[in-house]
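The values are calculated or read from the model by the stated rules, or taken from the named source; none is laboratory data. Keep in mind the model is a prediction, meaning the values are calculated, not measured. A quick note on method: Cβ atoms are made from the backbone with ideal geometry, for glycine too, and the neighbour counts reach across all protein chains shown. What goes into the accessible areas is simple: the full protein's heavy atoms, side chains included, and nothing from ligands, DNA or RNA. Shrake-Rupley method; radii C 1.70, N 1.55, O 1.52, S 1.80 Å.
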Amino acid sequence: MTSFAIANVLVYFYMPPEGVNFPEFIKRGPVFLGLTIVGLALGVSRLFDAVTDPLVATLSDRNRMKLGRRRGFLAISVLPFAIFSFLPFFPPSSDHTINTIWLFLTVILFYWFMTMYVTPYFAWMSELGHTPDERLLLSTLISITWAIGYVLGTQIYLFQTILENKGLTPLKAFQTITLIYGLVGFVFMLLPVIFIDENKYCEKHTVKEKGLESIINAFKERNFRLFVLQDFIYWFGLTGISLGLVYYITVLLKLPKEHASQVQLLMFLLSFIFYIPVNFLAKKFGKKNLLIIGFIVFSLDFAVAAMLGKLSFSPIMQSYIIAVLSSVPLAIFGILPNAVIADIAEAHGKETGNYKAAVFFGARTFMQKMGQTFAGLIYPSLFILNSETIGEFGLRISAIFSLILMVLGTIILVFFNEKKILEILKK
């Protein structure tokens, strides 16, 4: 919930679709090489975020706080993480320059504190889960709670409309919801800090490598390189559809913005249906095979997205097809990648004696966020191709671009050797 607004609706706030009456806080058109200010803010902040992930990871692995090497980082970062989750939506001035500086500064700080919280948190998966099945279970449970938070996040347009009907302006309604998300998120993010005692529940391991050496050695693992490369591709495409969905609904299908919340809600509710089957099928057929299926289904999803509004049946039915097709890969990619990274980290530790889970998760999120960085830079510009505003042509091109990415991710994943990792874990 805390990260939803900045990751998914920052473009909506600063480049609203027609009919959403937000003030023009910053220049909305292209400003540099066809790139927009909000696109540059997303890109620069995500780049900063990606670079700091491995840094925080190595600091966490080598941390000696009494609270614990993971728990201490969570305690320090939780409050500023929550505060900076809504500050970008409260620009302080009517001056475009001041607001641009505010946007860049607050979003960069948001991603710094998010990294300080999230990277050590995910490293716990290897330390709290002592077998592949336990790590898969943890990954599944985390995915479920993430999806609940995301579903609540997707209702931001609906909540905005409800508050507007209560008399608030569109701006105040939207800002109020982002503030509530941050406050609620803060309360829930305190729970691991309060209740998870690392000394009691986590396996004790050490890291003998220095920071940069630890990161370099992680990327020397061929399987890890292949896996994070496909993860980069996946997040590149997924961020594109996250940024573009409200426009696919309002521009291509000519439906009200509130329908975007309904589509996203349906998408994630349906994904819950597949969580238990994904868990079962991953044990039976392997995580790699399910991930390949996820890429194939997402490819079909983007092919349909490129034709939205041109199909012969109702726009509402077209939107529901997008939701149904998205739900399967969202369940697969929501559960399996973290479990795979935890297995890779554990296998590496068994082979080398260096148990550096945070470095592997930090390096993985580095590639993930690089995908989001490029998406934040490129997709807003794709949306306005051949137009000064977000238009039909650019949206269709963005969907085709995402389709190409999903096909590329499928090809890369074919070369991932899951069997070798499992053999090491069984020793």
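Within segment 383-401, the residues that satisfy the criterion of being touching a residue at least 40 places away in the same chain (Cβ under 8 Å), surrounded by 15 or more Cβ atoms within 10 Å (Cβ to Cβ) and not β-branched (V, I, T) are F383, G391, E392, L395, R396, S398, A399, F401.
Of everything in segment 377-408, what is acidic (D, E) and outside any loop (DSSP other than H, G, I, E, B)? Give them in sequence order.
In the first step, residues of segment 377-408 are kept if they are acidic (D, E); the result is 388, 392.
E392 - this is the single residue of segment 377-408 that is acidic (D, E) and outside any loop (DSSP other than H, G, I, E, B).
Against the criterion of being part of a helix (DSSP H, G or I), touching a residue at least 60 places away in the same chain (Cβ under 8 Å), open to solvent by 10 Å² or more (accessible area, probe 1.4 Å) and among the aromatic types (F, W, Y), F374 qualifies. So, G72, is that one open to solvent by less than 20 Å² (accessible area, probe 1.4 Å), farther than 25 Å from L179 by Cβ and at pLDDT below 80 or not? Criteria not met by G72.
Please specify each residue of segment 25-54 satisfying the condition of being surrounded by fewer than 17 Cβ atoms within 10 Å (Cβ to Cβ) and either touching a residue at least 40 places away in the same chain (Cβ under 8 Å) or over 27 Å from F90 (Cα atoms) (or both).
Of segment 25-54, the ones surrounded by fewer than 17 Cβ atoms within 10 Å (Cβ to Cβ) are 27, 29-35, 51.
Once the filter is applied, which keeps residues that are surrounded by fewer than 17 Cβ atoms within 10 Å (Cβ to Cβ) and either touching a residue at least 40 places away in the same chain (Cβ under 8 Å) or over 27 Å from F90 (Cα atoms) (or both), segment 25-54 yields K27, G29, P30, L33, G34, L35, V51.
Conditions tested, residue by residue: (1) open to solvent by 70 Å² or more (accessible area, probe 1.4 Å); (2) farther than 18 Å from T2 by Cβ; (3) hydrophobic (A, V, I, L, M, F, W, C); (4) at pLDDT 95 or above.
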{"site": "T97", "(1), (2), (3), (4)": "yes, yes, no, no"}
{"site": "T115", "(1), (2), (3), (4)": "no, no, no, no"}
{"site": "T131", "(1), (2), (3), (4)": "no, yes, no, no"}
{"site": "S139", "(1), (2), (3), (4)": "no, yes, no, no"}
{"site": "Y150", "(1), (2), (3), (4)": "no, no, no, no"}
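Between I421, I411, I344, the distinction of being open to solvent by 60 Å² or more (accessible area, probe 1.4 Å), assigned to a helix (DSSP H, G or I), within 26 Å of V297 (Cβ to Cβ) and at pLDDT 80 or above belongs to I411 only. Among the conditions (1) without any contact (Cβ under 8 Å) to a residue 40 or more places away in the chain; (2) open to solvent by less than 30 Å² (accessible area, probe 1.4 Å), D231 misses just one, which is (1).
Out of the residues in segment 85-109 that are aliphatic (A, V, I, L, M) and touching a residue at least 12 places away in the same chain (Cβ under 8 Å), state the one that is nearest to F48 (Cα to Cα). My answer is I108. The helices (runs of 4 or more DSSP H) falling completely within segment 105-214 that include 3 or more residues that are within 29 Å of L40 (Cα to Cα) map to 132-154, 156-165, 170-195. Quick test for you: out of I421, I411, pick the one residue that is in contact (Cβ under 8 Å) with a residue 40 or more places away in the chain and within 28 Å of I344 (Cβ to Cβ). Exactly one of I421, I411 is in contact (Cβ under 8 Å) with a residue 40 or more places away in the chain and within 28 Å of I344 (Cβ to Cβ), namely I421.
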